[in-house]
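A.B. asks: Below you will find the structure I want to go over with you.
The values are calculated or read from the model by the stated rules, or taken from the named source; none is laboratory data. A quick note: this is a predicted structure, and the numbers were derived from the prediction, not measured. Here the Cβ positions follow ideal geometry from the backbone for every residue, glycine too, while neighbour counts run over all protein chains shown. Accessible surface areas use protein heavy atoms only, side chains included; no ligands, DNA or RNA. Shrake-Rupley method; radii C 1.70, N 1.55, O 1.52, S 1.80 Å.
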Amino acid sequence: MSRPSFPAKLPSGMPQTGAKPSVAAKATHAVTPKKIAARADSMPAISLKSVKKPIKNQIPASQQGMGMDSAAVRARMVKLLAEGGITDQAVLSAMNTIERHRFVDTALAPQAYEDTSLPIGLSQTISKPNVVARMIALLREGAALDSQGRMGRVLEIGSGCGYQAAILSLLCKEVYSIERLRGLYDKALVNIRHLKAANLHLLLGDGMLGAPGGAPYSGIIAAAGGEAIPQAWVDQLAVGGRIVAPTGNGAAQSLIVIDKTARGLKQTVLESVLFVPLKSGVA
Ligand code: SAH
């Protein structure tokens, strides 16, 4: 059966998950505002020596059929992320490993390594690579890491097509990712199958209630924005843990970081973003 095709370009006015930041980082309520925002112009470009140039006839079948060499385009995407200010090498490496083109419709595969959000069905979008990298880097900042450099247990709200969950599975001991739309939950299950990631648990449910089964979490990351951070997320966050989530109203969303410390919560408001809405209930 042929898969439905999507418009190559998003219709204007459609929520562009994680749209490009348009406002400089500002901190509120922060006792000692952390220097969170990475400045692109002060970042050294990463060395790409470790990214081997693939030889044409060694490209596995899974990476063919895109009209391009996916390993090379992905390496280019990662290089641009580094040049754009993402300095967390583990995040860059995970984004070089996970094949984003496998998570979008075949018709959109040629655009998979552009820094753009793309439709994944049911009016939802896969976030821009830059936004995924930025948010996961924020989540990892200051987090306790194990001997393999991984965070502990992390909850993602809004699995969508499963791309960000797949990246997280390489960077965390355990990942719980919850999606409210059955159609996307099913799609994500199929999309992550090839990874055989025993530490990645996809759940169907209302993420506004968190996912108590895996709590407490060292990190919670949301791919959809509500007007406020649900109390359940704060309750299910371990002391020392961090929430990274878009919050606000429509076009007035900002990226919010909440740190749960022994002395209470610390909230930092970062750049403006535009994510699909956080909705309640399962559909
Ligand atoms: N991380 C995803 C991005 C998907 S867009 C990816 O990599 O593809 C955000 C997703 O959040 C949508 O699929 C939307 O259905 C989902 N969502 C919105 N509100 C939710 C809620 N309360 N619980 C779980 N998922 C939710």
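A.B. asks: Suppose we keep only residues that are touching a strand residue (DSSP E or B) at 6+ places or on another chain (Cβ under 7 Å) and within 11 Å of the ligand (Cβ to nearest atom) within segment 188-201. Which one would you say is farthest from Ala228 (Cα to Cα)?
C.D. replies: At the first step, the residues of segment 188-201 found to be touching a strand residue (DSSP E or B) at 6+ places or on another chain (Cβ under 7 Å) are 188-189, 192, 199-201.
When the remaining residues are screened for being within 11 Å of the ligand (Cβ to nearest atom), the result is 188, 192.
Numbers: Ala188: 26, Ile192: 30 Å.
Out of the qualifying residues, it is Ile192.
A.B. asks: Now a separate question. Check every one of the strands (runs of 3 or more DSSP E) wholly within segment 222-283 and list those with 3 or more residues that are within 16 Å of the ligand (Cβ to nearest atom) and under 19 Å from Ile178 (Cα atoms).
C.D. replies: 237-247
A.B. asks: Here is a further query. Filter segment 167-187 down to residues that are away from the ligand (no atom under 11 Å from the Cβ) and among the small types (Gly, Ala, Ser), then give me how many there are.
C.D. replies: Initially, segment 167-187 is screened for residues away from the ligand (no atom under 11 Å from the Cβ), giving 169-176, 186.
Next, from what is left, pick out any that are among the small types (Gly, Ala, Ser): 169.
Result for segment 167-187: 1.
A.B. asks: While we're looking at this one, here's another question. Of everything in segment 172-191, what is of a type outside the set (Asp, Glu) and buried (at least 24 other Cβ atoms within 10 Å of the Cβ)? Give them in sequence order.
C.D. replies: Hits for segment 172-191 are Cys172, Val175, Tyr176, Ser177, Ile178, Ala188.
A.B. asks: Write out, first by first residue and then by second, each pair whose Cβ atoms fall under 7 Å of each other, whose residues are 6+ apart or on separate chains, and whose first residue, in segment 200-228, is of a type in the set (Phe, Trp, Tyr) while the second is open to solvent by less than 10 Å² (accessible area, probe 1.4 Å).
C.D. replies: Listed by first residue and then by second, the contacts come to Tyr217/Val154; Tyr217/Leu155; Tyr217/Leu237; Tyr217/Gly241.
A.B. asks: Here is a follow-up. I'm told Ala90 meets every condition in (1) surrounded by 18 or more Cβ atoms within 10 Å (Cβ to Cβ); (2) in a helix (DSSP H, G or I); (3) under 15 Å from the mean Cα position of the chain (by Cα) except one. Can you identify the failing condition by its number?
C.D. replies: Of everything listed in (1) surrounded by 18 or more Cβ atoms within 10 Å (Cβ to Cβ); (2) in a helix (DSSP H, G or I); (3) under 15 Å from the mean Cα position of the chain (by Cα), Ala90 misses just condition (1).
A.B. asks: Only one of (1) more than 10 Å from the ligand (Cβ to nearest atom); (2) open to solvent by 10 Å² or more (accessible area, probe 1.4 Å); (3) at pLDDT 95 or above is not met by Gly142, so which one is it?
C.D. replies: All conditions are met except number (3).
A.B. asks: While we're on this one: State which residue is most open to solvent (accessible area, probe 1.4 Å) when the search covers only segment 106-131 and only residues that are closer than 20 Å to Glu271 by Cβ and not aliphatic (A, V, I, L, M).
C.D. replies: Here the answer is Asp115.
A.B. asks: Hey, another quick one. Can Val239 be described as touching a helix residue (DSSP H, G or I) at 6+ places or on another chain (Cβ under 8 Å), farther than 23 Å from Ile167 by Cα and not basic (Lys, Arg)?
C.D. replies: no
A.B. asks: Limited to segment 107-133, what total is found for residues that are closer than 19 Å to Leu195 by Cβ and among the polar types (S, T, N, Q)? Walk me through it before giving the result.
C.D. replies: Going residue by residue through segment 107-133, those that are closer than 19 Å to Leu195 by Cβ are 109, 112-113, 120, 126-127, 129, 132-133.
Still in the list and also among the polar types (S, T, N, Q): 127.
Number of matching residues: 1.
A.B. asks: For segment 203-221, give me each residue that is within 11 Å of the ligand (Cβ to nearest atom) and open to solvent by less than 20 Å² (accessible area, probe 1.4 Å).
C.D. replies: Correct list: Gly205, Gly207, Gly210, Ala211, Ile221.
A.B. asks: Counting only residues that are under 21 Å from Asn191 (Cβ atoms), aliphatic (A, V, I, L, M) and open to solvent by less than 20 Å² (accessible area, probe 1.4 Å), which one in segment 66-77 is modelled with the highest pLDDT?
C.D. replies: So, considering only residues that are under 21 Å from Asn191 (Cβ atoms), aliphatic (A, V, I, L, M) and open to solvent by less than 20 Å² (accessible area, probe 1.4 Å), the one modelled with the highest pLDDT is Met77.
A.B. asks: Let me ask another. Answer with yes or no whether Tyr176 is among the hydroxyl-bearing types (Ser, Thr, Tyr), more than 17 Å from Val132 (Cβ to Cβ) and under 16 Å from the mean Cα position of the chain (by Cα).
C.D. replies: So Tyr176 passes the test.
A.B. asks: How do the pairs read when you match residues in segment 261-276 that are closer than 12 Å to Thr247 by Cβ with residues anywhere that are open to solvent by 50 Å² or more (accessible area, probe 1.4 Å) and part of a strand (DSSP E or B), using Cβ under 6 Å and keeping only pairs 6 or more apart or on different chains?
C.D. replies: Listed pairs, sorted by first residue: none to list.
A.B. asks: Is it the case that some residue within segment 149-166 is under 12 Å from the mean Cα position of the chain (by Cα), closer than 20 Å to Ile243 by Cα, away from the ligand (no atom under 14 Å from the Cβ) and open to solvent by 10 Å² or more (accessible area, probe 1.4 Å)?
C.D. replies: Looking for residues that are under 12 Å from the mean Cα position of the chain (by Cα), closer than 20 Å to Ile243 by Cα, away from the ligand (no atom under 14 Å from the Cβ) and open to solvent by 10 Å² or more (accessible area, probe 1.4 Å), one finds none in segment 149-166, hence no.
A.B. asks: Within segment 78-87, work out how many residues are within 15 Å of the chain's Cα centre (by Cα) and surrounded by fewer than 21 Cβ atoms within 10 Å (Cβ to Cβ). Walk me through how you get there before you give the answer.
C.D. replies: Let us first name the residues in segment 78-87 that are within 15 Å of the chain's Cα centre (by Cα), namely 78, 81, 86.
Retained after the next criterion (residues that are surrounded by fewer than 21 Cβ atoms within 10 Å (Cβ to Cβ)): none.
Adding up the residues that qualify gives 0.
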